[in-house]
1. Out of region 5-30, which residues are outside any loop (DSSP other than H, G, I, E, B), open to solvent by less than 20 Å² (accessible area, probe 1.4 Å) and of a type in the set (Phe, Trp, Tyr)?
2. Just a yes or no: is a residue in region 92-99 surrounded by fewer than 17 Cβ atoms within 10 Å (Cβ to Cβ), under 27 Å from Ile169 (Cβ atoms) and in contact with a Lys or Arg (Cβ under 7 Å, 6 or more places away or on another chain)?
3. For residues that are farther than 24 Å from Ser68 by Cβ and under 17 Å from the mean Cα position of the chain (by Cα), tally how many sit in region 83-107.
4. Being among the hydrophobic types (A, V, I, L, M, F, W, C) and touching a residue at least 40 places away in the same chain (Cβ under 8 Å) is true for just one of Val245, Val249. Which residue is that?
5. Of the residues Ala126, Ala130, only one is outside any strand (DSSP E or B), touching an Asp or Glu at 6+ places or on another chain (Cβ under 6 Å) and either modelled with pLDDT of 95 or more or within 13 Å of Gly177 (Cβ to Cβ) (or both); which?
6. If we scan region 229-240, do we find a residue that is part of a strand (DSSP E or B), out of contact with any Gly (no Cβ under 7 Å at 6 or more places or on another chain), surrounded by fewer than 19 Cβ atoms within 10 Å (Cβ to Cβ) and at negative phi?
7. Which strands (runs of 3 or more DSSP E) sit wholly inside region 31-99 and have at least 1 residues that are without any contact (Cβ under 8 Å) to a residue 60 or more places away in the chain, under 20 Å from Phe9 (Cβ atoms) and hydroxyl-bearing (Ser, Thr, Tyr)?
Amino acid sequence: MKTYFVDSFTNQKFKGNPAAVCIAENDLDNITMQNIATEIGFSETAFIKNRTDNIYSIRFFTPKAEISLCGHATLASSKIIFDTTNLENIIFVNCDNIELKIEKAADKIVMQFPVYETTAIEVPKAVLNALGIENTVNTRLCADRKIILIEIDDSEKLANLKPDFSALINSYSGINGVLVTAQSNNEDFDFHYRYFWPWAGTNEDPVTGGVQTFLTKYWADKLNKNIFKAFQSSLRTGTMITELVQDKVFIYGEAVTVFEGELK
C-alpha cells in the first residue's frame, strides 16, 4: 500500500504537523487501520480510497482511536492526490458522510469544513491547574467535537504552557481534547492556539486544522471579522489562513511531502 508522510500547515520540512497518508486499493478493516496508525505513531493517519472520478473516501485514525474530522491529515491527503493526479478539485467523504470540498488555489490548498457552535461551560479548577492556567477570559464547549475551548489573555503565556498530562487526563472525562487560545500580541497573526488531547490522540497536536470548525467562528464573533491568520504555538509551530463563509470555514494551507514508500 502506497504510503506518504506529509508535513501540513507549513512550507518547510520538519515543521507543521506530520500526517501519514495511506492509499488503499481495497477496503481495510478497522483493526488493520488502527494497528497501522498505532505503528506509525503520528497524531493522525489518513486512509483514502478513490470512489469515482474526483471523489474519495477518507478515514482518520489517531494512535488510539478513529476520529471523524482532521484538518492536517485532510490537507496532507489533498497534497498527495494533487501531486499524483491531474485533478484540480476533489471531494472527500468521511465516516459520517460529510463532504469535504478541496481545491487547488495558487500555492495554497483550500479546504471547506463545516462550522460548529460553542456554548458556555464552567471548566473545573483541576483542568486549569493541569494546564498551568491561573485566569481565563472565556470558557466554552463545542459539543459536536467534544472539545473544551479556553481563552486566556496573553499569547506569550500560551506559548509557555507546560501541561501536566497525567493530571490533565484525570481531570475530566468524556471529551476529545482541550483547546487553549489567545489573541495575538503582534500584527502578524490574529490569534494563537494550542491543542491538548491525551484522551483521544497524542499529548499535544502540533498543528490542528479541525478545531477551526468552531475556533474561527469564535474569533469572528469576538473580533467582528471573517478572515484570520492563525498561529499554532506548539514546538513545531504552524500557520494557516481561515475564512468564515456562512455555514462553512475555508482553511488555506500548504504542505510538504517528506517520505514516500510502501507499507507491506
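The values are calculated or read from the model by the stated rules, or taken from the named source; none is laboratory data. Here the structure is a predicted model, which means the values were calculated and not measured. In this analysis, Cβ positions are derived from the backbone assuming ideal geometry, glycine residues included, and neighbour counts consider all displayed protein chains. Note: accessible area is taken over every heavy atom of the protein model, side chains too, but ligands, DNA and RNA are not part of it. Shrake-Rupley method; radii C 1.70, N 1.55, O 1.52, S 1.80 Å.
1. None; the set is empty.
2. Within region 92-99, the subset surrounded by fewer than 17 Cβ atoms within 10 Å (Cβ to Cβ) is 93, 95-99.
Next, from what is left, pick out any that are under 27 Å from Ile169 (Cβ atoms): 95-96.
Retained after the next criterion (residues that are in contact with a Lys or Arg (Cβ under 7 Å, 6 or more places away or on another chain)): 95.
Yes; the residues of region 92-99 include at least one that is surrounded by fewer than 17 Cβ atoms within 10 Å (Cβ to Cβ), under 27 Å from Ile169 (Cβ atoms) and in contact with a Lys or Arg (Cβ under 7 Å, 6 or more places away or on another chain).
3. 0
4. Of Val245, Val249, the one residue that is among the hydrophobic types (A, V, I, L, M, F, W, C) and touching a residue at least 40 places away in the same chain (Cβ under 8 Å) is Val249.
5. Working: Ala126 fails: touching an Asp or Glu at 6+ places or on another chain (Cβ under 6 Å).
The match here is Ala130.
6. yes
7. Values: elements: 45-52, 55-61, 89-93.
Answer list for region 31-99: 45-52.
Let's see how each residue does on (1) open to solvent by 10 Å² or more (accessible area, probe 1.4 Å); (2) touching a residue at least 40 places away in the same chain (Cβ under 8 Å); (3) more than 22 Å from Ala200 (Cβ to Cβ):
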| position | (1), (2), (3) |
| --- | --- |
| Ala120 | yes, no, yes |
| Asn160 | yes, no, yes |
| Asp164 | yes, no, no |
| Ile175 | yes, no, no |
| Val178 | no, yes, no |
